[in-house]
Amino acid sequence: MEQRLFSSGKEDYSKIYAIYFPKLVRFSQTYLHSQEDAENLVQDIFLYLWENREQIPSLGNMNAYLFTVVKNRCIDFLRKQVKNGEKKRSLSELEEKELQFKLYSLQKFDENNFSAADIEQLISQAVDSLPARCKEIFILSRMEGLRHKEISERLNISVNTIESQIAIALKKLKVALKDYVPLFIFII
């Protein structure tokens, strides 16, 4: 007997929603640039999943499945923007090229090629490539969840330095993970 997605009902759905909704919104927002569009898109996906829960079998890799669905919906959304004549007229040439690049990168990214261990290794290598102090601050902030003030007190440096170092880390990580844009979402 095949098990279904959300087999224990609303409890499973709520747990999956709480874990994945923020990540999926951040992921889609990097392509859609609108918080509202990103939230609506992800909300529609979760509504679809709930309404069709009886037809969707239990998934081995929930992460890959959800990111694939969001990726495909973002592609559809961007294609509509590209095809929309009014939208084309309002975009500058640079914005049009950026939109095309985002569409291309979304189409090329395949999260099924990455296991959780692969993702962890890529992120770990990128973080390890940071300068020592920058890496230390980034790990305390993003990996250990400390607030800027707590880090400031622990390392005896100013909050402004913390903010500056995190901005530098994010910029360097964005470059290091540029070929894996969705992975960058996991660490911001």
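The values are calculated or read from the model by the stated rules, or taken from the named source; none is laboratory data. These figures come from a predicted structure and were not determined experimentally. Neighbour counts run over all protein chains shown; Cβ positions are idealised from the backbone, glycine included. Keep in mind that these areas ignore ligands, DNA and RNA; they rest on the heavy atoms of the full protein, side chains included. Shrake-Rupley method; radii C 1.70, N 1.55, O 1.52, S 1.80 Å.
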### Query
Restricting region 30-46 to residues that are surrounded by 19 or more Cβ atoms within 10 Å (Cβ to Cβ) and touching a residue at least 40 places away in the same chain (Cβ under 8 Å), which is farthest from Asn63 (Cα to Cα)?
Leu32
### Message
Which residue is modelled with the lowest pLDDT, if the candidates are limited to region 110-146 and must be crowded, with 18+ Cβ neighbours inside 10 Å and farther than 22 Å from Gln165 by Cα?
### Response
Glu111
## Note on the structure
Counting only residues in region 149-188 that are open to solvent by 50 Å² or more (accessible area, probe 1.4 Å) and among the aromatic types (Phe, Trp, Tyr), the one modelled with the lowest pLDDT is identified as Phe186
